[in-house]
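In what follows, a single structure is set out as C-alpha coordinates and then discussed.
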Amino acid sequence: MLRSKEIPDCFYPNKPILICPNQPTPKHSLYLSNLDDQKFLRFSIKYLYAFKKSVSLDALKSSLSRVLVDYYPLAGRLRTSLEDDQKLEVDCNAEGAVFAEAFLDFTIDDFLEISEKPNRSWRKLLYKVEADSFCDIPPLVIQVSSLRCGGMILCTAINHCLCDGIGTAQFLHAWAHVTAKPDCRKIVAPIHTRHVLKQDTSRKSFFTNSAFSQTTRNDDAVPLPNLIQFLQSQTLLPVSLTFTPSHVLRLKRQCVPSLKCTTFEVLAAHTWRSWVKSLNLSPSRNIKLLFSVNIRKKLNPEITEGFYGNGFVLGCAETTVKELVDANLNRGVKLVQQAKSSLTNDYIMSIVDSLEDKSVKPDLSTSLLISQWSKLGLEEVDFGEGKALHMGPLTSDVYCLFLPVIGDSDAVRVLVSMPENVVESFDYNMKEFCHNGNATMCEGGENQVLM
(Lines give C-alpha, C1' and ligand atoms only; values in the text may rest on other atoms or scores of the structure.)
Protein backbone atom coordinates (compact mmCIF):
# COMPACT_ATOMS: atom_id res chain seq x y z
CA MET A 1 0.00 0.00 0.00
CA LEU A 2 1.17 3.51 -0.75
CA ARG A 3 1.84 5.68 2.27
CA SER A 4 0.80 8.78 0.36
CA LYS A 5 -1.75 9.49 -2.35
CA GLU A 6 0.51 12.23 -3.72
CA ILE A 7 2.24 11.92 -7.08
CA PRO A 8 6.03 12.41 -6.71
CA ASP A 9 7.75 15.23 -8.56
CA CYS A 10 8.50 14.73 -12.24
CA PHE A 11 12.08 14.82 -13.49
CA TYR A 12 12.52 16.59 -16.82
CA PRO A 13 15.70 15.40 -18.58
CA ASN A 14 15.26 18.06 -21.27
CA LYS A 15 13.35 21.25 -21.82
CA PRO A 16 9.99 20.87 -23.58
CA ILE A 17 10.13 21.22 -27.35
CA LEU A 18 7.75 22.39 -30.05
CA ILE A 19 6.50 19.71 -32.44
CA CYS A 20 5.64 21.28 -35.80
CA PRO A 21 3.85 19.73 -38.79
CA ASN A 22 6.39 17.78 -40.84
CA GLN A 23 5.04 19.20 -44.12
CA PRO A 24 4.02 22.70 -45.19
CA THR A 25 0.51 23.59 -44.04
CA PRO A 26 -1.91 26.38 -45.03
CA LYS A 27 -1.11 29.77 -43.54
CA HIS A 28 -4.28 31.67 -42.79
CA SER A 29 -6.62 32.85 -40.04
CA LEU A 30 -9.20 30.26 -39.00
CA TYR A 31 -12.61 31.68 -38.14
CA LEU A 32 -14.03 30.41 -34.86
CA SER A 33 -17.80 30.09 -34.60
CA ASN A 34 -19.86 31.65 -31.84
CA LEU A 35 -20.01 28.21 -30.22
CA ASP A 36 -16.19 27.98 -30.27
CA ASP A 37 -15.68 31.52 -29.05
CA GLN A 38 -17.81 31.47 -25.91
CA LYS A 39 -15.90 32.92 -22.99
CA PHE A 40 -16.83 30.02 -20.75
CA LEU A 41 -14.90 27.70 -23.10
CA ARG A 42 -11.65 29.62 -22.81
CA PHE A 43 -9.76 26.81 -21.13
CA SER A 44 -8.06 23.56 -22.11
CA ILE A 45 -9.62 20.10 -21.85
CA LYS A 46 -7.10 18.09 -19.85
CA TYR A 47 -6.98 14.32 -20.21
CA LEU A 48 -4.88 11.79 -18.31
CA TYR A 49 -4.09 8.33 -19.71
CA ALA A 50 -2.14 5.63 -17.86
CA PHE A 51 -0.66 2.85 -19.99
CA LYS A 52 0.93 -0.38 -18.77
CA LYS A 53 3.57 -0.29 -21.49
CA SER A 54 5.22 2.83 -22.82
CA VAL A 55 5.49 3.83 -26.45
CA SER A 56 8.73 5.11 -27.96
CA LEU A 57 9.01 8.85 -27.43
CA ASP A 58 10.54 9.21 -30.88
CA ALA A 59 7.56 7.40 -32.37
CA LEU A 60 5.11 9.66 -30.51
CA LYS A 61 6.89 12.82 -31.63
CA SER A 62 7.21 11.63 -35.23
CA SER A 63 3.56 10.63 -35.48
CA LEU A 64 2.47 13.89 -33.83
CA SER A 65 4.37 15.89 -36.45
CA ARG A 66 2.57 13.88 -39.13
CA VAL A 67 -0.94 14.18 -37.69
CA LEU A 68 -0.45 17.93 -37.17
CA VAL A 69 -0.30 18.24 -40.94
CA ASP A 70 -3.97 17.25 -40.94
CA TYR A 71 -4.82 19.06 -37.70
CA TYR A 72 -2.65 22.09 -38.42
CA PRO A 73 -4.76 24.63 -36.45
CA LEU A 74 -3.65 22.83 -33.26
CA ALA A 75 -0.09 23.82 -34.18
CA GLY A 76 -1.14 27.47 -34.54
CA ARG A 77 -1.87 30.14 -31.96
CA LEU A 78 -5.00 31.87 -30.75
CA ARG A 79 -5.24 35.62 -31.19
CA THR A 80 -7.79 38.39 -30.95
CA SER A 81 -9.52 39.15 -34.22
CA LEU A 82 -8.42 42.38 -35.91
CA GLU A 83 -12.07 43.07 -36.78
CA ASP A 84 -13.53 42.48 -33.31
CA ASP A 85 -11.48 42.62 -30.11
CA GLN A 86 -14.09 40.47 -28.34
CA LYS A 87 -13.62 37.60 -30.78
CA LEU A 88 -10.85 35.03 -31.12
CA GLU A 89 -9.42 33.38 -34.20
CA VAL A 90 -6.60 30.93 -34.89
CA ASP A 91 -3.43 32.11 -36.54
CA CYS A 92 -2.48 28.96 -38.46
CA ASN A 93 1.27 29.61 -38.38
CA ALA A 94 2.58 26.06 -37.72
CA GLU A 95 4.44 27.28 -34.65
CA GLY A 96 3.96 23.89 -33.05
CA ALA A 97 2.55 21.95 -30.11
CA VAL A 98 4.37 21.76 -26.77
CA PHE A 99 5.81 18.31 -26.03
CA ALA A 100 7.40 17.61 -22.64
CA GLU A 101 9.25 14.45 -21.63
CA ALA A 102 9.42 13.48 -17.96
CA PHE A 103 10.37 10.60 -15.70
CA LEU A 104 8.30 9.60 -12.68
CA ASP A 105 9.60 7.36 -9.89
CA PHE A 106 6.27 5.57 -9.74
CA THR A 107 4.71 2.41 -11.14
CA ILE A 108 1.46 1.88 -13.00
CA ASP A 109 0.17 -0.12 -10.02
CA ASP A 110 1.04 2.77 -7.70
CA PHE A 111 -1.02 5.08 -9.86
CA LEU A 112 -3.99 2.74 -10.26
CA GLU A 113 -4.14 2.41 -6.49
CA ILE A 114 -4.94 6.13 -6.18
CA SER A 115 -6.62 6.69 -9.54
CA GLU A 116 -10.28 6.76 -8.54
CA LYS A 117 -10.32 10.49 -7.87
CA PRO A 118 -7.92 13.23 -8.99
CA ASN A 119 -5.93 15.17 -6.43
CA ARG A 120 -3.95 18.36 -6.73
CA SER A 121 -0.63 16.57 -7.08
CA TRP A 122 -1.74 15.19 -10.45
CA ARG A 123 -1.28 18.64 -11.95
CA LYS A 124 2.48 18.11 -12.07
CA LEU A 125 1.83 15.42 -14.72
CA LEU A 126 1.15 18.16 -17.26
CA TYR A 127 3.79 20.73 -18.09
CA LYS A 128 2.62 24.22 -17.14
CA VAL A 129 3.24 26.78 -19.85
CA GLU A 130 4.02 30.16 -18.35
CA ALA A 131 1.99 32.71 -20.28
CA ASP A 132 0.66 36.23 -19.81
CA SER A 133 -2.76 35.41 -21.24
CA PHE A 134 -4.96 32.55 -22.37
CA CYS A 135 -4.15 33.28 -26.02
CA ASP A 136 -0.42 32.90 -25.36
CA ILE A 137 -0.81 29.26 -24.36
CA PRO A 138 -0.36 26.90 -27.35
CA PRO A 139 -3.62 25.10 -28.24
CA LEU A 140 -1.99 21.70 -27.71
CA VAL A 141 0.27 20.82 -24.76
CA ILE A 142 1.45 17.26 -24.14
CA GLN A 143 3.49 15.61 -21.42
CA VAL A 144 4.63 11.99 -21.54
CA SER A 145 5.85 10.71 -18.18
CA SER A 146 7.82 7.46 -18.32
CA LEU A 147 7.29 5.27 -15.24
CA ARG A 148 9.76 3.17 -13.31
CA CYS A 149 7.94 -0.01 -14.31
CA GLY A 150 8.09 0.67 -18.05
CA GLY A 151 4.61 2.16 -18.27
CA MET A 152 3.72 5.73 -19.13
CA ILE A 153 1.28 8.46 -18.24
CA LEU A 154 0.16 10.68 -21.10
CA CYS A 155 -1.45 14.02 -20.34
CA THR A 156 -2.86 16.36 -22.95
CA ALA A 157 -4.29 19.88 -22.79
CA ILE A 158 -6.37 20.70 -25.87
CA ASN A 159 -7.84 24.18 -26.21
CA HIS A 160 -11.64 23.99 -25.93
CA CYS A 161 -12.08 26.91 -28.35
CA LEU A 162 -10.78 24.66 -31.13
CA CYS A 163 -12.32 21.31 -30.17
CA ASP A 164 -15.19 19.84 -28.22
CA GLY A 165 -15.10 16.39 -26.62
CA ILE A 166 -15.92 14.63 -29.88
CA GLY A 167 -13.24 16.66 -31.66
CA THR A 168 -10.57 15.88 -29.08
CA ALA A 169 -11.39 12.18 -29.28
CA GLN A 170 -11.15 12.34 -33.08
CA PHE A 171 -7.72 13.98 -32.86
CA LEU A 172 -6.39 11.57 -30.23
CA HIS A 173 -7.56 8.54 -32.22
CA ALA A 174 -5.88 9.95 -35.33
CA TRP A 175 -2.61 10.51 -33.46
CA ALA A 176 -2.76 7.03 -31.92
CA HIS A 177 -3.57 5.43 -35.27
CA VAL A 178 -0.62 7.08 -37.01
CA THR A 179 1.64 6.00 -34.12
CA ALA A 180 0.49 2.38 -34.10
CA LYS A 181 0.16 1.99 -37.88
CA PRO A 182 2.46 4.53 -39.54
CA ASP A 183 1.98 2.97 -42.99
CA CYS A 184 -1.83 3.04 -42.82
CA ARG A 185 -3.48 6.41 -43.36
CA LYS A 186 -7.11 5.40 -42.89
CA ILE A 187 -8.20 8.19 -40.58
CA VAL A 188 -11.22 10.48 -40.65
CA ALA A 189 -10.32 13.64 -42.58
CA PRO A 190 -10.70 16.63 -40.24
CA ILE A 191 -13.10 19.42 -41.23
CA HIS A 192 -11.62 22.75 -40.20
CA THR A 193 -14.17 25.29 -41.41
CA ARG A 194 -16.77 26.54 -38.91
CA HIS A 195 -18.81 28.69 -41.30
CA VAL A 196 -21.80 26.35 -41.11
CA LEU A 197 -22.17 27.75 -37.57
CA LYS A 198 -21.67 31.40 -38.53
CA GLN A 199 -24.17 34.06 -37.52
CA ASP A 200 -26.79 34.90 -40.12
CA THR A 201 -28.35 38.32 -39.54
CA SER A 202 -31.18 37.47 -41.94
CA ARG A 203 -32.42 34.66 -39.72
CA LYS A 204 -35.33 35.37 -37.43
CA SER A 205 -34.18 34.86 -33.85
CA PHE A 206 -36.45 33.55 -31.12
CA PHE A 207 -33.76 33.02 -28.53
CA THR A 208 -35.22 32.53 -25.06
CA ASN A 209 -33.03 29.69 -23.88
CA SER A 210 -32.93 29.61 -20.08
CA ALA A 211 -29.49 28.00 -20.23
CA PHE A 212 -28.13 31.48 -20.88
CA SER A 213 -28.20 34.81 -19.14
CA GLN A 214 -27.24 38.28 -20.31
CA THR A 215 -24.85 40.54 -18.46
CA THR A 216 -26.28 44.01 -17.90
CA ARG A 217 -24.76 47.19 -16.52
CA ASN A 218 -27.64 48.12 -14.28
CA ASP A 219 -25.86 49.13 -11.09
CA ASP A 220 -29.18 49.24 -9.20
CA ALA A 221 -29.92 45.58 -9.85
CA VAL A 222 -29.41 43.25 -6.89
CA PRO A 223 -27.74 40.10 -8.15
CA LEU A 224 -29.03 36.72 -7.03
CA PRO A 225 -26.61 34.68 -4.89
CA ASN A 226 -24.29 32.79 -7.23
CA LEU A 227 -24.38 29.13 -6.25
CA ILE A 228 -21.34 28.08 -8.28
CA GLN A 229 -19.19 30.90 -6.87
CA PHE A 230 -20.25 29.84 -3.39
CA LEU A 231 -19.32 26.22 -4.06
CA GLN A 232 -15.94 27.20 -5.49
CA SER A 233 -15.21 29.23 -2.34
CA GLN A 234 -15.53 26.09 -0.20
CA THR A 235 -13.08 23.29 0.53
CA LEU A 236 -13.96 20.83 -2.21
CA LEU A 237 -13.43 17.09 -2.31
CA PRO A 238 -13.92 14.90 -5.39
CA VAL A 239 -16.65 12.28 -5.25
CA SER A 240 -16.47 9.36 -7.68
CA LEU A 241 -19.27 6.82 -8.03
CA THR A 242 -19.46 4.02 -10.58
CA PHE A 243 -22.84 2.98 -11.96
CA THR A 244 -22.83 -0.48 -13.50
CA PRO A 245 -25.50 -1.54 -16.03
CA SER A 246 -27.42 -3.20 -13.19
CA HIS A 247 -27.45 0.08 -11.21
CA VAL A 248 -28.68 1.98 -14.27
CA LEU A 249 -31.39 -0.63 -14.87
CA ARG A 250 -32.49 -0.28 -11.27
CA LEU A 251 -32.85 3.49 -11.75
CA LYS A 252 -34.75 3.03 -15.00
CA ARG A 253 -37.21 0.70 -13.27
CA GLN A 254 -38.29 3.66 -11.16
CA CYS A 255 -39.51 5.27 -14.38
CA VAL A 256 -41.07 2.39 -16.34
CA PRO A 257 -43.59 1.49 -17.64
CA SER A 258 -44.86 5.07 -17.76
CA LEU A 259 -41.61 6.53 -19.08
CA LYS A 260 -38.84 5.15 -21.27
CA CYS A 261 -35.47 6.83 -20.96
CA THR A 262 -31.81 6.55 -21.89
CA THR A 263 -28.94 5.90 -19.50
CA PHE A 264 -27.85 9.53 -19.75
CA GLU A 265 -31.36 10.87 -19.06
CA VAL A 266 -31.96 8.81 -15.93
CA LEU A 267 -28.43 9.22 -14.54
CA ALA A 268 -28.42 12.98 -15.22
CA ALA A 269 -31.77 13.41 -13.47
CA HIS A 270 -30.66 11.25 -10.53
CA THR A 271 -27.36 13.10 -10.14
CA TRP A 272 -29.06 16.51 -10.38
CA ARG A 273 -31.67 15.55 -7.78
CA SER A 274 -29.02 14.11 -5.42
CA TRP A 275 -26.84 17.20 -5.84
CA VAL A 276 -29.71 19.56 -5.03
CA LYS A 277 -30.85 17.51 -2.03
CA SER A 278 -27.35 17.42 -0.53
CA LEU A 279 -26.90 21.22 -0.75
CA ASN A 280 -30.00 21.91 1.38
CA LEU A 281 -31.15 24.83 -0.76
CA SER A 282 -34.23 26.96 -0.26
CA PRO A 283 -37.30 25.03 -1.52
CA SER A 284 -38.46 28.00 -3.59
CA ARG A 285 -35.15 28.51 -5.33
CA ASN A 286 -35.08 28.04 -9.08
CA ILE A 287 -32.50 25.41 -10.04
CA LYS A 288 -31.15 24.31 -13.42
CA LEU A 289 -29.39 21.37 -14.98
CA LEU A 290 -27.17 22.26 -17.94
CA PHE A 291 -25.80 19.46 -20.10
CA SER A 292 -23.97 19.27 -23.40
CA VAL A 293 -25.94 18.09 -26.45
CA ASN A 294 -24.22 17.07 -29.67
CA ILE A 295 -25.84 19.00 -32.55
CA ARG A 296 -23.99 17.43 -35.48
CA LYS A 297 -26.99 15.36 -36.54
CA LYS A 298 -29.63 17.79 -35.30
CA LEU A 299 -28.90 20.44 -37.92
CA ASN A 300 -30.35 20.47 -41.42
CA PRO A 301 -28.18 19.69 -43.29
CA GLU A 302 -26.17 17.67 -40.82
CA ILE A 303 -22.61 18.73 -40.01
CA THR A 304 -20.15 16.73 -42.10
CA GLU A 305 -18.29 13.84 -40.48
CA GLY A 306 -14.82 14.92 -39.42
CA PHE A 307 -15.89 18.28 -37.98
CA TYR A 308 -13.86 18.63 -34.78
CA GLY A 309 -14.87 22.12 -33.64
CA ASN A 310 -17.47 22.81 -30.98
CA GLY A 311 -20.60 21.08 -32.19
CA PHE A 312 -22.64 21.17 -29.01
CA VAL A 313 -25.06 23.46 -27.22
CA LEU A 314 -26.31 23.33 -23.66
CA GLY A 315 -29.64 21.73 -22.92
CA CYS A 316 -31.38 23.21 -19.90
CA ALA A 317 -33.79 21.54 -17.50
CA GLU A 318 -35.30 23.94 -15.00
CA THR A 319 -37.58 23.72 -11.97
CA THR A 320 -37.71 24.67 -8.28
CA VAL A 321 -35.85 22.83 -5.57
CA LYS A 322 -39.11 21.69 -3.99
CA GLU A 323 -40.57 20.35 -7.23
CA LEU A 324 -37.39 18.43 -8.07
CA VAL A 325 -36.76 16.97 -4.61
CA ASP A 326 -40.34 16.16 -3.61
CA ALA A 327 -41.29 14.51 -6.88
CA ASN A 328 -40.13 11.07 -7.98
CA LEU A 329 -37.32 10.46 -10.46
CA ASN A 330 -39.78 10.61 -13.38
CA ARG A 331 -40.10 14.36 -12.95
CA GLY A 332 -36.40 15.01 -13.42
CA VAL A 333 -36.14 12.61 -16.36
CA LYS A 334 -39.04 14.30 -18.14
CA LEU A 335 -37.39 17.71 -17.70
CA VAL A 336 -34.16 16.38 -19.23
CA GLN A 337 -36.07 14.86 -22.14
CA GLN A 338 -37.99 18.07 -22.77
CA ALA A 339 -34.77 20.06 -22.76
CA LYS A 340 -33.26 17.72 -25.37
CA SER A 341 -36.32 17.68 -27.62
CA SER A 342 -36.54 21.49 -27.68
CA LEU A 343 -33.20 21.72 -29.51
CA THR A 344 -34.43 21.84 -33.10
CA ASN A 345 -32.41 23.13 -36.05
CA ASP A 346 -34.00 26.58 -35.88
CA TYR A 347 -33.60 26.83 -32.14
CA ILE A 348 -29.94 25.80 -32.27
CA MET A 349 -29.15 28.34 -34.97
CA SER A 350 -30.98 30.98 -32.96
CA ILE A 351 -28.60 30.24 -30.08
CA VAL A 352 -25.63 30.55 -32.46
CA ASP A 353 -26.86 33.94 -33.66
CA SER A 354 -27.52 35.24 -30.17
CA LEU A 355 -24.04 34.32 -28.98
CA GLU A 356 -22.67 37.01 -31.29
CA ASP A 357 -23.49 39.25 -28.32
CA LYS A 358 -20.67 38.49 -25.87
CA SER A 359 -22.82 39.57 -22.92
CA VAL A 360 -24.86 36.40 -23.48
CA LYS A 361 -23.33 33.51 -21.57
CA PRO A 362 -24.37 30.24 -19.88
CA ASP A 363 -26.20 30.78 -16.61
CA LEU A 364 -23.90 28.91 -14.26
CA SER A 365 -25.05 30.84 -11.21
CA THR A 366 -27.71 28.34 -10.15
CA SER A 367 -26.89 25.26 -12.19
CA LEU A 368 -25.30 21.85 -12.12
CA LEU A 369 -23.37 21.38 -15.37
CA ILE A 370 -22.87 17.86 -16.71
CA SER A 371 -20.44 16.96 -19.49
CA GLN A 372 -20.58 13.45 -20.91
CA TRP A 373 -17.23 11.83 -21.72
CA SER A 374 -18.51 8.29 -21.41
CA LYS A 375 -19.64 7.81 -25.02
CA LEU A 376 -16.83 9.55 -26.92
CA GLY A 377 -14.54 6.53 -27.30
CA LEU A 378 -11.78 8.26 -25.35
CA GLU A 379 -10.94 5.06 -23.48
CA GLU A 380 -10.40 3.20 -26.79
CA VAL A 381 -7.29 5.20 -27.75
CA ASP A 382 -4.39 2.79 -28.46
CA PHE A 383 -0.92 3.95 -29.49
CA GLY A 384 0.16 0.40 -30.32
CA GLU A 385 0.98 -1.10 -26.92
CA GLY A 386 -2.57 -1.61 -25.67
CA LYS A 387 -5.39 0.57 -24.43
CA ALA A 388 -5.08 2.64 -21.27
CA LEU A 389 -5.68 1.10 -17.85
CA HIS A 390 -6.97 4.49 -16.72
CA MET A 391 -8.53 7.37 -18.60
CA GLY A 392 -10.02 10.46 -17.01
CA PRO A 393 -9.60 14.16 -16.28
CA LEU A 394 -6.48 15.66 -14.79
CA THR A 395 -8.52 17.58 -12.22
CA SER A 396 -11.96 17.58 -10.64
CA ASP A 397 -14.25 20.59 -10.27
CA VAL A 398 -17.81 21.54 -9.33
CA TYR A 399 -18.81 20.69 -12.89
CA CYS A 400 -19.88 17.06 -13.17
CA LEU A 401 -18.34 14.56 -15.59
CA PHE A 402 -19.82 11.27 -16.78
CA LEU A 403 -16.72 9.19 -17.46
CA PRO A 404 -16.06 5.86 -19.20
CA VAL A 405 -15.27 2.80 -17.11
CA ILE A 406 -12.33 0.78 -18.39
CA GLY A 407 -13.47 -2.73 -19.26
CA ASP A 408 -17.21 -2.01 -19.14
CA SER A 409 -18.51 0.16 -21.97
CA ASP A 410 -22.02 0.21 -20.49
CA ALA A 411 -20.96 1.49 -17.06
CA VAL A 412 -20.60 5.17 -16.15
CA ARG A 413 -18.41 6.82 -13.54
CA VAL A 414 -19.82 10.05 -12.09
CA LEU A 415 -17.16 12.50 -10.89
CA VAL A 416 -17.88 15.84 -9.26
CA SER A 417 -16.31 17.92 -6.50
CA MET A 418 -18.50 18.84 -3.55
CA PRO A 419 -18.01 20.93 -0.41
CA GLU A 420 -16.39 18.80 2.30
CA ASN A 421 -19.37 19.15 4.63
CA VAL A 422 -21.88 17.73 2.10
CA VAL A 423 -19.83 14.89 0.59
CA GLU A 424 -21.41 12.32 2.89
CA SER A 425 -24.93 13.55 2.12
CA PHE A 426 -24.32 13.53 -1.64
CA ASP A 427 -22.82 10.05 -1.45
CA TYR A 428 -25.90 8.83 0.47
CA ASN A 429 -28.37 10.45 -1.90
CA MET A 430 -26.64 8.98 -4.96
CA LYS A 431 -26.82 5.48 -3.42
CA GLU A 432 -30.23 5.77 -1.78
CA PHE A 433 -31.97 3.89 -4.59
CA CYS A 434 -30.12 0.71 -3.65
CA HIS A 435 -30.10 1.05 0.14
CA ASN A 436 -33.23 -1.05 0.52
CA GLY A 437 -32.24 -3.71 -1.98
CA ASN A 438 -29.48 -6.16 -2.59
CA ALA A 439 -27.57 -3.94 -4.99
CA THR A 440 -24.26 -2.56 -3.84
CA MET A 441 -22.13 -0.06 -5.65
CA CYS A 442 -18.76 1.56 -5.75
CA GLU A 443 -16.83 -1.28 -4.13
CA GLY A 444 -13.05 -1.37 -4.06
CA GLY A 445 -12.31 1.74 -2.04
CA GLU A 446 -14.31 4.17 -4.17
CA ASN A 447 -16.02 5.62 -1.12
CA GLN A 448 -12.75 6.93 0.20
CA VAL A 449 -12.19 10.66 -0.19
CA LEU A 450 -8.83 11.85 -1.41
CA MET A 451 -7.45 14.75 0.60
Item to check | Electrostatic dipole magnitude of the chain [Cβ: Lys, Arg +1; Asp, Glu -1; Cα centre; debye, to 20] | outcome: 760 debye
Checklist entry - What's the FRET efficiency of Ser29 with Thr304 using the Cβ-Cβ distance as r and R₀ = 22 Å, to the nearest 0.05? => result 0.55
Next on the checklist: Taking 0.36 nm per residue of sequence separation and subtracting the Cα-Cα distance, how much length would be gained by fully extending the chain between Tyr347 and Glu385, in nm to one decimal?
Outcome noted: 9.2 nm
Checklist outcome for this item: Averaged per residue, the 1.4 Å probe accessible area of the stretch 331-434, protein heavy atoms only, in Å², is roughly 35 Å²
Next on the checklist: Can you match Cα extents along the principal axes in Å to one of these, (1) 106, 48, 38; (2) 62, 53, 43; (3) 63, 59, 44, based on a calculation from the structure here?
Outcome noted: (3)
Item to check | Hypothetical label at Asp105: residues of the stretch 135-151 whose amide nitrogen lies under 13 Å (7 Å Cα-Cβ projection) | outcome: 148
Checklist entry - What FRET efficiency would be calculated for the residue pair Leu57, Leu82, taking the C-beta separation as r and a Förster radius of 56 Å, to the nearest 0.05? => result 0.90
Checklist entry - Pulled fully out, how much extra length does the chain show between Ala131 and Lys198, if you take 0.36 nm times their separation in residues and subtract their Cα-Cα distance? => result 21.1 nm
Checklist outcome for this item: Within the under-15-Å Cβ sphere about Leu147, not counting Leu147, Lys/Arg +1 and Asp/Glu -1 give a net charge of -3
Checklist entry - How do the peptides 186-195, 391-400, 98-107 rank, highest first, by the average count of neighbouring beta carbon atoms within 10 Å per residue? => result 391-400, 98-107, 186-195
Item to check | For peptides 414-425, 249-260, 120-131, sequence by mean Cβ density within 10 Å, most packed first | outcome: 414-425, 120-131, 249-260
Checklist outcome for this item: The farthest towards the positive end of the charge dipole of the stretch 230-362, of the residues Phe291, Pro362, Ser240, given +1 on Cβ of Lys and Arg and -1 on Cβ of Asp and Glu, is Ser240
Next on the checklist: If you count only protein heavy atoms with a 1.4 Å probe, what accessible area per residue comes out for the stretch 12-61, rounded to a whole Å²?
Outcome noted: 50 Å²
Checklist entry - With labels modelled as points extended 7 Å from the Cα through the Cβ direction, what inter-label distance (nm, one decimal) is found for Thr395 paired with Arg185? => result 3.9 nm
Item to check | Of all accessible heavy-atom area on the stretch 1-136, the percent that carbon and sulfur account for (1.4 Å) | outcome: 49 percent
Next on the checklist: Which residue, Leu140, Tyr47, Gln86, has the largest displacement toward the positive end of the dipole of the chain when charges sit on each Cβ (Lys, Arg +1; Asp, Glu -1)?
Outcome noted: Tyr47
Checklist outcome for this item: Along the dipole axis of the chain (charges at Cβ: +1 for Lys and Arg, -1 for Asp and Glu; origin at the Cα centre), the most positive-end residue among Cys20, His195, Leu154 is His195
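The values are calculated or read from the model by the stated rules, or taken from the named source; none is laboratory data. This one's a predicted model, so the numbers in the text were calculated from it and none came from an experiment. As a convention, Cβ positions derive from the backbone with ideal geometry for all residues, glycine included, and neighbour counts pool all protein chains shown. SASA here: full protein model, heavy atoms, side chains in, ligands and nucleic acids out. Shrake-Rupley method; radii C 1.70, N 1.55, O 1.52, S 1.80 Å.
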